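Read the structure below first, then the notes.
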Amino acid sequence: MNLHHEELEVRTHGKGLYEITDEVQSKIDNCGVRNGTVTVFVQHTSCSIVIMENADPTARRDLEEFFERLVPEDADYFTHDSEGSDDMPSHIRMVLTRSSETIPIVERRMQLGTWQGIFLFEHRRAPHRRKVFITTIGE
Amino acid sequence: MNLHHEELEVRTHGKGLYEITDEVQSKIDNCGVRNGTVTVFVQHTSCSIVIMENADPTARRDLEEFFERLVPEDADYFTHDSEGSDDMPSHIRMVLTRSSETIPIVERRMQLGTWQGIFLFEHRRAPHRRKVFITTIGE
Amino acid sequence: MNLHHEELEVRTHGKGLYEITDEVQSKIDNCGVRNGTVTVFVQHTSCSIVIMENADPTARRDLEEFFERLVPEDADYFTHDSEGSDDMPSHIRMVLTRSSETIPIVERRMQLGTWQGIFLFEHRRAPHRRKVFITTIGE
């Protein structure tokens, strides 16, 4: 078995989707796993990992707007607001999406569909350095 | 280590949940992995993979109706609509659910609970051929 | 390859988040896997596995309140209510969250971020015994 851990730092500057597909594929290129899976795991509770349509930027903007409305910052029943009005919504958005994705690898390539990209979904307004763990398992 | 990739095509004819539990188990039966995990990954951004109650069809209909209301087709702020009014909602529904599921395997059987079934959740109205990747890792 | 399955029983007494981080780490301590991944899978369709902020209890209460409002028990279009008004909402909440999480392991420790905890998210009011499957794969 071939097992490999890599870390990726993603610098974010406000809410939104940041594509990391190429960075993840690049880690796989160098890890020696030919066939298997990769798990992309984010070590935070105020951003997410999602797979999303990566061709049309309007799709990403609509998605971001949907989440603004689904989890508004000014909900009057929020009590957890020590870090500001985007604090509690960030945890809810993370729970509604995902902390990780697992993707098959065949002949060193992630088997993403034509329009699938891997994104870090940032839920905080302030700039952050996000740590993403990339684990490949295979042969 | 025993690693095995299989592909499954699922033909859909409109929005809704399509059970694929037996098809996934059938791939495992033939792959030689006795103990491990299976990852079921869908290569699209307008349908999802979910685990859902598989006994009562009314539960599935209620779930579908909930998503119709949570992500309506006629939201006035959507700009990504090149493929029709069910285009943008399909991406949002996918992000709110999952692109993959990972399930333990013991003695060649997926360890699903009594009422758990694996479903492809189609978010488009038109008929589609969906590609599902099934990766078993184990011994 | 080192592959190990463990089962965990979680007793719940009403809706809410039940942290199981220590119980999962304890299973890893005893399983012999030094580096790899752990998949935490719940064998039910009316509760979820999520990663959530584990420092401030108010964050968990706000999350629970958000889900009460997002998926109310008294939606007039629900027809699947054989087990009571919290029956159908429990399946929807499960689909909106997750049945499993996969977390990297380095030197026998899960690589959770500072504020990340693993929680069973119970969606039913009555007490339940929940079965969680913990699968470690690695070397």
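Points to keep in mind about this one:
- Global form of segment A:90-130, assessed from the alpha-carbon gyration tensor, a/c cut-off 1.5: prolate
- Radius 13 Å from Cβ of residue C:7, net charge of other residues (Lys, Arg +1; Asp, Glu -1): +1
- Reachable lysines from residue C:27, criterion Cα separation under 18 angstrom, eight or more residues apart if same chain: C:131
- Largest to smallest accessible area among B:34, C:61 [probe 1.4 Å]: C:61, B:34
- Loop-located chymotrypsin sites (Phe, Trp or Tyr not before Pro) in segment C:23-111 (DSSP state not H, G, I, E or B) with no more than 14 neighbouring Cβ atoms inside 10 Å: C:77.
- Anisotropy class of segment C:18-86 from Cα gyration tensor, a/c 1.5 cut: oblate
- Per residue, the accessible area of chain C comes to 37 Å², computed with a 1.4 Å probe over protein heavy atoms only.
- Solvent-accessible area of residue B:87 with every protein chain in place, 1.4 Å probe, in Å² to the nearest 10: 0
- The share of Cα pairs per 10 Å bin across segment C:58-139, counted from zero up to the longest distance, runs 13, 39, 29, 15, 4, 0 percent.
- For the residues A:129, A:60, A:69, a GNM of chain A with alpha-carbon springs under 10 Å puts the largest fluctuation on A:69.
- Of the whole protein surface, residue B:125 contributes about 130 Å² of accessible area at a 1.4 Å probe radius.
- Overall shape: rounded for the protein assembly as shown, with the ratio a/c of the largest to smallest alpha carbon gyration tensor axis below 1.5.
- Taking θ as phi - 60° and the Karplus parameters 6.51, -1.76 and 1.60, the scalar couplings of segment C:20-31 work out to 10, 4, 5, 5, 5, 4, 5, 5, 5, 3, 9, 9 Hz in sequence order, x denoting glycine and proline.
- Its alpha carbons give chain C an Rg and a Dmax of 16.1, 52 Å.
- Positive minus negative residues near residue C:136 (Lys, Arg vs Asp, Glu; Cβ under 15 Å): -4
- Legend: residues B:12, A:58, sorted from most to least accessible area (1.4 Å probe; ligands, DNA and RNA excluded), read A:58, B:12.
- Other protein chain C-beta atoms within 10 Å of residue C-beta, averaged over C:20-30: 0.
- Carbon/sulfur fraction of accessible area - the protein assembly as shown, other protein chains in place, 1.4 Å, %: 42
- Summing +1 for each Lys or Arg and -1 for each Asp or Glu among the other residues whose beta-carbon sits under 10 angstrom from that of residue B:23 gives -3.
- Inter-part distance where segment A:1-78 and segment C:1-56 are each reduced to a Cα centre, Å: 23
- Rolling a 1.4 Å probe across all protein chains gives residue A:73 an accessible area of roughly 40 Å².
- Residue B:22/residue C:85 FRET efficiency (R0 45 Å; Cβ-Cβ; nearest 0.05): 0.90
The values are calculated or read from the model by the stated rules, or taken from the named source; none is laboratory data. Everything numeric in this text was worked out from a predicted model, so none of it was measured. Positions of Cβ are backbone-derived with ideal geometry, glycine not excepted, and every protein chain shown enters the neighbour counts. When the accessible area is computed, the model is the full protein with side chains, heavy atoms only, and any ligands, DNA or RNA have been set aside. Shrake-Rupley method; radii C 1.70, N 1.55, O 1.52, S 1.80 Å.
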